Amino acid sequence: MADQPDEPAADDRTTVGPGAESAPRTPRWVIALGIIALVLILAVAAQFVLGLGHGPAMHGGADGRPVPQIAGS
Amino acid sequence: MAARRPIMPPALRKLALAIHLTTSVGWLGAVAGYLALDVTVSTSGDPTVLRGAWVAMGLIASWVVVPLAAASVLTGLVMALGTKWGLFRHWWVLISFLLTVGATGVLLSETRVISDSASLAADSSTTTDQLLALPSTLPHSVGGLVVLLAVQVLNIYKPQGLTPYGWRKLQEERTRRDVM
């Protein structure tokens, strides 16, 4: 990271073009990450809606054996 | 005029950056080590190996991964708020922070289950069938590692892009400079 600035340049315009006065467009990589995040959130939400739950317990034993009762859980 | 945020002096900023890098990369390394054990408990049928791996996973999660995650979030906040980058001005900073907080949240929710499984594995009365049936944390370990790698990439490449808030602040600063 030695060649990376610790802070942005004083006049960092990033996606704002020279002389642009309107707000910059959302970068494509941000939109792509947003879509991926939305798909993951919907996938987890669907598990709850379908009653599958979510978490380590849902994965169970490798061969489908019941998960042992853990004290206090 | 809006109050200006305090900016860290260069020496302090370097120190904060060093601590942030150490904790963040340390977190990534700790998760990689945890993942090796997680793959072992998912593939091994040897009860001795399973017991040892689960106990080690419990210790690594509680004493290494969680403290490093908390330190990474805190130092990340300090770096964002104590420098001109800000927390909400640049997409890469904001997204890195959200991913880090999300990963920490999932980690904290998993730690209890991991600790309980480690306790069960350490109990000599636990049978081999019970050991084999302990819930796997592998999907979350792999997912966590992918998220942390994504955060590292964002922090190294610092892809350009101002948020609407960052753009407004930039305009305000330019206006202030033009007036002076």
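The values are calculated or read from the model by the stated rules, or taken from the named source; none is laboratory data. In this text the structure is predicted, and so the values were computed from the model without any measurement. Note that each Cβ is placed from the backbone with ideal geometry, even for glycine, and that neighbours are counted across all protein chains shown. All accessible areas refer to the heavy atoms of the entire protein, side chains included, with ligands and DNA or RNA removed. Shrake-Rupley method; radii C 1.70, N 1.55, O 1.52, S 1.80 Å.
A count restricted to segment B:137-180 and to residues that are of a type outside the set (S, T, N, Q) and closer than 22 Å to B:VAL25 by Cβ stands at 17.
With respect to the stated conditions, B:VAL55 is open to solvent by 50 Å² or more (accessible area, probe 1.4 Å) and not aromatic (Phe, Trp, Tyr). Entry remark, segment B:42-51: residues being open to solvent by 20 Å² or more (accessible area, probe 1.4 Å) and touching a residue at least 40 places away in the same chain (Cβ under 8 Å) number 4 in total. Given the criteria away from chain A (no Cβ under 14 Å), open to solvent by 40 Å² or more (accessible area, probe 1.4 Å), more than 19 Å from the chain's Cα centre (by Cα) and touching a residue at least 60 places away in the same chain (Cβ under 8 Å), does B:VAL39 qualify? It is false that B:VAL39 is away from chain A (no Cβ under 14 Å), open to solvent by 40 Å² or more (accessible area, probe 1.4 Å), more than 19 Å from the chain's Cα centre (by Cα) and touching a residue at least 60 places away in the same chain (Cβ under 8 Å).
Residues of segment B:69-92 that are in a helix (DSSP H, G or I) and open to solvent by less than 40 Å² (accessible area, probe 1.4 Å): B:ALA69, B:ALA71, B:SER72, B:VAL73, B:THR75, B:GLY76, B:MET79, B:ALA80, B:TRP92.
Can you tell me which residues in segment B:94-112 are open to solvent by 40 Å² or more (accessible area, probe 1.4 Å) and at the interface with another protein chain (Cβ under 8 Å from one of its Cβ atoms)? If the condition is that a residue be open to solvent by 40 Å² or more (accessible area, probe 1.4 Å) and at the interface with another protein chain (Cβ under 8 Å from one of its Cβ atoms), then B:SER109, B:ARG112 are the ones that fit. Considering segment B:114-124, the residues that are at the interface with chain A (Cβ under 9 Å from one of its Cβ atoms) and open to solvent by less than 40 Å² (accessible area, probe 1.4 Å) include one that is nearest to B:VAL73 (Cα to Cα), namely B:ILE114. Cβ-Cβ contacts under 7 Å between residues 6 or more apart (or on different chains), taken from a first residue in segment B:125-140 that is within 7 Å of chain A (Cβ to nearest Cβ) and of a type in the set (D, E, K, R) to a second residue that is open to solvent by 60 Å² or more (accessible area, probe 1.4 Å) and part of a loop (DSSP other than H, G, I, E, B), are listed as B:ASP129/A:ARG65.
What is the number of the single condition among (1) closer than 27 Å to A:ILE31 by Cα; (2) in contact (Cβ under 8 Å) with a residue 24 or more places away in the chain that B:MET8 does not meet? Against the list (1) closer than 27 Å to A:ILE31 by Cα; (2) in contact (Cβ under 8 Å) with a residue 24 or more places away in the chain, B:MET8 comes up short only on (1).
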